[in-house]
Amino acid sequence: MNVLRRLFKIGQAETNSAIDKLEDPIKMIEQGLRDMNENKDKAVKALAEVKAMHIRRTKDLNEHLNTETDLQNKSVILLKKAQQGEIDSAEADTLVKENLRRKASISQEIVLIKEEVSNLEKQVATLEQNVNRIKAGIHQWENELGTLRARIKVSSATQKINKQMTNMDSTSVVSMLERMKNKVAQDEALAQAYGEMAQSSITHEEKLKKALEDLSVEDELAQMKKDMGL
């Protein structure tokens, strides 16, 4: 239990230091929970054994008390019978003395059994408290372990993102963006220049073609007029 307390007292600096040095705190805590469950099983077994002893000794106590009462009643009856002349007085005294000796011995045993039963009751109460404490602790730590697992996932993801952001050089990013913008602007200007050059080249060719076409038509028309004598 002391080891478990050291593991689970999160608020103490020494525990935090110990947890930080563990390769896998989750597995260590899970092992701690398994140890607690083993302790719980042992405590439950011990509680059952002590309860059984308490039940048995309580039964013995009741039997002794009944025997004590029975001997007392029988002694009274013998004395009454002797008084009424039903039995010899000396014989009655002998029987009563025997009963009283047995009753005295049983009375001594009753004192011892009562003390034993009282101690067993205290042990049962203590063991029950321990079992309940262990059960409550296990329930609490299992819930906290589930929460811790979720927090570790979130913390790990956040740490990765923050680490990436920390490793990013804002100056280099801005410089890279400026270079890209300049390159894109240059590429756009170059594309526009090629477009204008292509447009200019196409227009010249079209003009030349049209001039040639017009020249051919004039020659053909002149030939036709010549052939017709016009």
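The values are calculated or read from the model by the stated rules, or taken from the named source; none is laboratory data. What you see is a predicted model; the values in this text were computed from it and never measured. We place every Cβ from the backbone using ideal geometry, glycine too, and count neighbours over all the protein chains shown.
Annotations for the structure displayed:
- Of all residues making up the stretch 31-71, the number that are more than 26 Å from residue 127 (Cβ to Cβ) and touching a Leu at 6+ places or on another chain (Cβ under 9 Å): 1
- Options 89, 118, 75, 105: the member that is within 24 Å of residue 50 (Cα to Cα) and not β-branched (Val, Ile, Thr): 118
- As a summary of the residue check, residue 11 satisfies the conditions (1) farther than 20 Å from residue 135 by Cα; (2) at pLDDT below 90; (3) surrounded by 11 or more Cβ atoms within 10 Å (Cβ to Cβ) except for the one numbered (3).
- Look at the stretch 118-146: where a residue is closer than 24 Å to residue 26 by Cβ and a partner is of a type in the set (D, E, K, R), sitting 6+ places away or on another chain with Cβ atoms under 8 Å, you get 134/40; 135/40; 138/40; 145/30.
- A single member of 190, 215, 145, 221 is at pLDDT below 65 and surrounded by 10 or more Cβ atoms within 10 Å (Cβ to Cβ), and it is 215.
- With respect to the stated conditions, residue 52 is assigned to a helix (DSSP H, G or I), of a type in the set (A, V, I, L, M, F, W, C), at pLDDT 50 or above and exposed (fewer than 12 other Cβ atoms within 10 Å of the Cβ).
- Unique match (being modelled with pLDDT of 80 or more and loosely packed, with under 13 Cβ neighbours inside 10 Å) among 16, 99, 66: 66
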